[in-house]
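Following: one structure in structure tokens, then a few remarks.
The values are calculated or read from the model by the stated rules, or taken from the named source; none is laboratory data. No experiment lies behind these values; they were computed from the predicted model shown. Here Cβ is always computed from backbone atoms with ideal geometry, including for glycine, and neighbour counts include all displayed protein chains.
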Ligand code: SF4
Ligand code: SF4
Ligand code: SF4
């Protein structure tokens, strides 16, 4: 019964989002805080170091943390305003129960737990264990990610656990595993500093990872050339030495063509290819017809530009290739990633100083969270749940019979589809807001409404949780100790600044209590976060993501340790592959043939315009946190439809007009923003908003066959002028997801 | 400012001298040829005369500065225009709102507003009482036909009389005590801010910010001391109390034209600035060539071009326009464009 | 009153071409104790329709500040470190002369409180030996606070410039703008 209990307006009135601001004269006591806690920003994979000021168990402000080596005090606007998520009027202080016609009422923990556990048992008894699914997220610490992986398999005994990293960088993970055997960026950021060429594909670095900009700018100061592949001229692309405005969905064609140019001009590292890689010929064979003319036609990027990019890349002595969601959110996300890896391997520029490659992980703990087992096919240490040896190893640590360890489950979007089909009847979610973040979200809503029981653990009532039967008031990032792994593979420490307010509890304690009530209490007997981490260390030992040598103490002393770190005297590994021993079966890096294929939906007469989505600097993912922080909302209050004036003129669209964007999934209205900084055949909408202004009503739910990532970055749409100007009301209320 | 004071200013000297003669004249008139003048207050009178001299002098010097003079001139010009009545009413309203109630401080902080209001109300009331007393305009006499009825005289005329011990008597004779209490409350609030607000702590100075508060507190405390003395100590410490009080008050008066308290007199210019703005808007708004939006009145921009030129800032551009035609955002953009152009011409954005 | 630890070796350098328009500086500026949750820095697009170019503007702390010169209330002062301060709250009459006269478009008039405020380079921080908020957080280091030596090493292709020409008028400032090598002034017209 997961329909809204009352009108959405009523829910918003009570639970927000409300915008919060710091009072004019600051929060009480900010000038003389009780303590200043070193921790990290929670709003992206950079995990910038920050110090939170605390007075009377409330976060009242921040002070830059100048010593933390990655960011040395630098922050983006989200980081600066991060402290405002604490002390927030929307904060859930009690467990809540859905009451039809009334809304959500606070209840006792005991009742909430009791109800949850009895529903789990009922559903599992009636429909089988796998009919109860779990969705998790990677804003959670390593400890919680690990614990949830164990909880789902050991306490909930379901195979159907997946996480929102599925919408993030799984394509990169899959590609990296295929090519290198390890899913991690190959170098620390400091290797960017002296790279001669930096190629960034599908990453709006300046808005999504602002603090990484410093490293790129530094490289340019040292003479680096910057190449950006993006359908839009983003702030990082504006001054780039070369901007390739690629048509969404054609990245692999571009990189295929570049590979061909490298080969044709012999800009190759033959020695490296020969000794340390396999599959070169097949990869080259797959692109043998990808001439410049062909590539120009397919990608829409001028041949000279492609040629130039290939030449710069080919002739450089050091280089760094980075990519992010722009090439990963595709039905060929893995292909795109592999096509990038191919040009890195062809030139042999990896495993050396200032030579690197990697994905820029998006979510706060997108890196660590994808290593320790809350993926449907994964066990801690980035082990494989279908691998008998791995199963045995982990079962022993968990003290269970290997036969009782569930197998591979459904991926996130498939899980929603299974709910929609009626196969999965119950759901528990934590740190995941699929109603905003999944594509074709009307379908997601339908699925949610079919659930017999839905319980959500969160600190705010997010848009998805509006459909829940029970909400368990959990903890914020700053309310629980733990570790996260940054996008460069550095394991860092999150420190508890305050304790959860009211009757809210730490996520860890909630999960432990649920496990106890599900009869697995003995397996979840952790005294503190460190105890979980110590178990994680052992569970990851010998896996590809080996944390064994990392301890809380070592992290604190060194301001982070890079994994793999297999033993206590191991210094950690900022740069992978220096020994050229890759983690694949044959110890070599693998080329992969990447023949080009079209996206799942291409433009036609009915839907003639390409739609792509992305982010803005002031918002984070589904906005559940950042749409509650006043200044971040005000900076970019509502999603705008970026459209080139030439395309706009075809429809008589003027700046500020309200435009209906329609796809085969649905339609929604957005104010037009006429800008020359986008391709003439493509429109762009940022996706952080829910309800009527949610871009993901339009996107397509087709998945990459390997990574199962949805194709957020390309689909076909139609534009219809509503004939009116966009109203201010639309702007003022967008953040609420009404 | 100090630079200006160093070499005495002729015009200001004349104005200041005239104003002390005016003061002396009204003292003589008001006290019926000094008949009603209380000799015990003579030190205060000298202090006041000095303060008047200083204020008039400084005000005159101040008015000679081109931007101030312009505002001064424009304020009167616009006030005594055909719109005299609306502007006069508007000024009156703003006077009540911003000068008396100081509502403009409210958005800067509630407590801050309250504290300042207390200071201001206390001081203004105290002035309103002490100046007429000092000048001999007001004095009290025991009614010849009674032993408990007091007559209050103003300019020598009996204006009211009251019985000793009645509330009105208590209020009248203790009015200054109440003022002192109010001022002290205000001063304590403001002191507390200065101790706990990081921004103030960083920028405050002793003579500019702390001394004025200390002085006000000293005046209040010694003032209360006099009352305390004759109420509870039978006047045993009267000598001491009245001397210390006199010293603090006279210090205050002497310092009035030079230190922070001069803002009391400058504040009135806010009313002029307001009329200037309103009339300017009526006369037409300037549109920024960059943002294409209105941003200030044409009158203001044109006046400013003249004033700044007089002060050595000639913003005329080669194309005949002026940098001042741009709105602040336009100016920032102009600089950014110039920077962009320079970078572009060099062929490199980074280095 | 606090003992000043102002380090005059440290200088402020700006390079708007590095700015990515993130507004971190703007939000951080409001955290500065002297600013009461108001931001004194300006970040905006130049012309969003054609480019994502943004500019960022702090007070340049002019040697001869136009803002102070045109102030009818003597509310703006420059201190011994060359820092031009926000309007003295007790004096400022809210006339906006400074807002309109500053050649860099810096001061902000708060209508409600009839008060001008402006960037004072985070006086609460700089006078305590810390870096200003904006330059601390700026992720692109378009705003840089450090020694001349440091910036020379880090940005070998640029030179700091602090002379601005507006028509015939020359303005010199404490804050420097990073310009291509060889440049000695910026010509704005
Ligand atoms: S770059 Fe990422 S981690 Fe750093 S402050 Fe911004 S959101 Fe937080
Ligand atoms: S930049 Fe503007 S506000 Fe700053 S000192 Fe110069 S004139 Fe004054
Ligand atoms: S913080 Fe830096 S990059 Fe961001 S807007 Fe400010 S100046 Fe620009």
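One line per residue, one yes/no per condition, for (1) within 14 Å of chain C (Cβ to nearest Cβ); (2) part of a helix (DSSP H, G or I):
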residue: B:53; (1), (2): no, yes
residue: B:58; (1), (2): yes, yes
residue: B:71; (1), (2): yes, yes
residue: B:78; (1), (2): yes, yes
residue: B:81; (1), (2): no, no
residue: B:90; (1), (2): no, yes
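Restricting to region B:100-119, what's the tally of residues that are within 11 Å of another protein chain (Cβ to nearest Cβ), out of contact with any helix residue (DSSP H, G or I) (no Cβ under 7 Å at 6 or more places or on another chain) and part of a helix (DSSP H, G or I)?
Looking only at that region, the number is 3.
How many residues does region B:322-350 hold that are outside any helix (DSSP H, G or I) and either touching a residue at least 12 places away in the same chain (Cβ under 8 Å) or crowded, with 19+ Cβ neighbours inside 10 Å (or both)?
Here the count works out to 5.
Going residue by residue through region A:592-608, is there one that turns out to be touching a helix residue (DSSP H, G or I) at 6+ places or on another chain (Cβ under 9 Å) and farther than 26 Å from residue A:286 by Cα?
Within region A:592-608, none of the residues are touching a helix residue (DSSP H, G or I) at 6+ places or on another chain (Cβ under 9 Å) and farther than 26 Å from residue A:286 by Cα.
Which number in (1) surrounded by fewer than 21 Cβ atoms within 10 Å (Cβ to Cβ); (2) at pLDDT below 95 marks the one condition that residue B:289 misses?
Here residue B:289 meets the rest and fails (2).
Considering only region A:229-242, state which residues are within 12 Å of chain C (Cβ to nearest Cβ) and either more than 13 Å from residue B:349 (Cα to Cα) or touching a helix residue (DSSP H, G or I) at 6+ places or on another chain (Cβ under 8 Å) (or both).
A:230, A:232, A:233, A:234, A:235, A:236, A:239, listed by residue number.
Could you please tell me which pairs satisfy a Cβ distance under 7 Å, a separation of 6+ or placement on different chains, a first residue in region C:26-54 that is within 30 Å of residue A:679 (Cα to Cα) and more than 7 Å from every other protein chain (Cβ to nearest Cβ), and a second residue that is assigned to a helix (DSSP H, G or I) and at pLDDT 95 or above?
C:43/C:25; C:43/C:26
Which one of B:264, B:182, B:171, B:247 is assigned to a helix (DSSP H, G or I) and at pLDDT below 80?
B:171 is the lone residue from the list that is assigned to a helix (DSSP H, G or I) and at pLDDT below 80.
Of everything in region A:610-630 that's more than 17 Å from residue A:712 (Cα to Cα) and away from ligand 1 (no atom under 14 Å from the Cβ), which residue is farthest from the other protein chains (Cβ to nearest Cβ)?
A:624
Is it the case that residue C:82 is more than 7 Å from chain B (Cβ to nearest Cβ), at positive phi and assigned to a loop (DSSP other than H, G, I, E, B)?
Taking the combined requirement at face value, the residue satisfies it.
Out of (1) more than 14 Å from chain C (Cβ to nearest Cβ); (2) in contact (Cβ under 8 Å) with a residue 40 or more places away in the chain, what's the single condition that is false for residue B:211?
Among (1) more than 14 Å from chain C (Cβ to nearest Cβ); (2) in contact (Cβ under 8 Å) with a residue 40 or more places away in the chain, the lone unmet condition for residue B:211 is (1).
Restricting to region B:229-282, give me the number of residues that are more than 21 Å from residue B:59 (Cα to Cα) and either in contact (Cβ under 8 Å) with a residue 60 or more places away in the chain or in contact with a strand residue (DSSP E or B) (Cβ under 9 Å, 6 or more places away or on another chain) (or both).
The total comes to 8.
Could we say that residue A:256 is under 20 Å from residue A:175 (Cβ atoms), more than 12 Å from chain C (Cβ to nearest Cβ) and out of contact with any helix residue (DSSP H, G or I) (no Cβ under 8 Å at 6 or more places or on another chain) here?
Taking the combined requirement at face value, the residue does not satisfy it.
Any idea how many residues of region C:83-107 are under 17 Å from residue C:33 (Cα atoms) and either crowded, with 24+ Cβ neighbours inside 10 Å or in contact (Cβ under 8 Å) with a residue 60 or more places away in the chain (or both)?
4
Go through region B:320-329 and report how many residues are within 28 Å of residue C:159 (Cβ to Cβ) and more than 7 Å from chain C (Cβ to nearest Cβ).
Final tally of qualifying residues: 1.
If I filter region B:292-313 down to residues being part of a loop (DSSP other than H, G, I, E, B) and either surrounded by fewer than 16 Cβ atoms within 10 Å (Cβ to Cβ) or in contact (Cβ under 8 Å) with a residue 60 or more places away in the chain (or both), which single residue comes out as farthest from the other protein chains (Cβ to nearest Cβ)?
Here the residue is B:293.
Hey, among A:73, A:79, A:29, which residue is without any contact (Cβ under 8 Å) to a residue 60 or more places away in the chain and within 16 Å of ligand 3 (Cβ to nearest atom)?
Sole residue among the options that is without any contact (Cβ under 8 Å) to a residue 60 or more places away in the chain and within 16 Å of ligand 3 (Cβ to nearest atom): A:73.
Within region C:1-25, restricting attention to residues that are more than 10 Å from chain B (Cβ to nearest Cβ) and away from ligand 3 (no atom under 16 Å from the Cβ), which residue is nearest to residue B:191 (Cα to Cα)?
Ranking the candidates gives C:3 first.
Can you go through A:74, A:91, A:98 and tell me which one is surrounded by 22 or more Cβ atoms within 10 Å (Cβ to Cβ), within 30 Å of residue A:427 (Cα to Cα) and either at pLDDT 95 or above or not assigned by TED's automatic domain parsing to the domain that holds residue A:691 (or both)?
That would be A:98, the only listed residue that is surrounded by 22 or more Cβ atoms within 10 Å (Cβ to Cβ), within 30 Å of residue A:427 (Cα to Cα) and either at pLDDT 95 or above or not assigned by TED's automatic domain parsing to the domain that holds residue A:691 (or both).
For region A:21-35, name all the residues that are away from chain B (no Cβ under 14 Å) and either within 16 Å of ligand 2 (Cβ to nearest atom) or in contact with a strand residue (DSSP E or B) (Cβ under 6 Å, 6 or more places away or on another chain) (or both).
Residues satisfying the conditions are A:34, A:35.
Please go through region A:165-187 and give me each residue that is over 19 Å from the mean Cα position of the chain (by Cα) and either more than 22 Å from residue A:273 (Cβ to Cβ) or not in a helix (DSSP H, G or I) (or both), ordered by number.
Of everything in region A:165-187, those that are over 19 Å from the mean Cα position of the chain (by Cα) and either more than 22 Å from residue A:273 (Cβ to Cβ) or not in a helix (DSSP H, G or I) (or both) turn out to be A:180, A:181, A:187.
With respect to residue B:136, is the statement that it is farther than 30 Å from residue C:35 by Cβ and surrounded by 17 or more Cβ atoms within 10 Å (Cβ to Cβ) true?
yes
Rundown of residues vs (1) more than 27 Å from residue A:615 (Cα to Cα); (2) crowded, with 19+ Cβ neighbours inside 10 Å, yes/no style:
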| site | (1), (2) |
| --- | --- |
| A:235 | no, yes |
| A:238 | no, yes |
| A:255 | no, yes |
| A:262 | yes, yes |
| A:265 | yes, no |
| A:271 | yes, no |
| A:289 | yes, no |
| A:298 | no, yes |
| A:308 | yes, no |
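How do the helices (runs of 4 or more DSSP H) wholly within region A:271-352 filter down when requiring 2 or more residues that are closer than 21 Å to residue A:682 by Cβ and in contact (Cβ under 8 Å) with a residue 12 or more places away in the chain: which remain?
So the answer is A:292-299, A:303-315, A:325-328, A:333-346.
Pick from region A:190-212 the residues that are away from ligand 1 (no atom under 16 Å from the Cβ) and crowded, with 24+ Cβ neighbours inside 10 Å: which of them is nearest to the other protein chains (Cβ to nearest Cβ)?
A:198
Quick one: which helices (runs of 4 or more DSSP H) sit completely within region A:626-738 and have at least 1 residues that are outside the structural domain of residue A:463 (by TED's automatic domain parsing) and modelled with pLDDT under 95?
So the answer is A:728-733.
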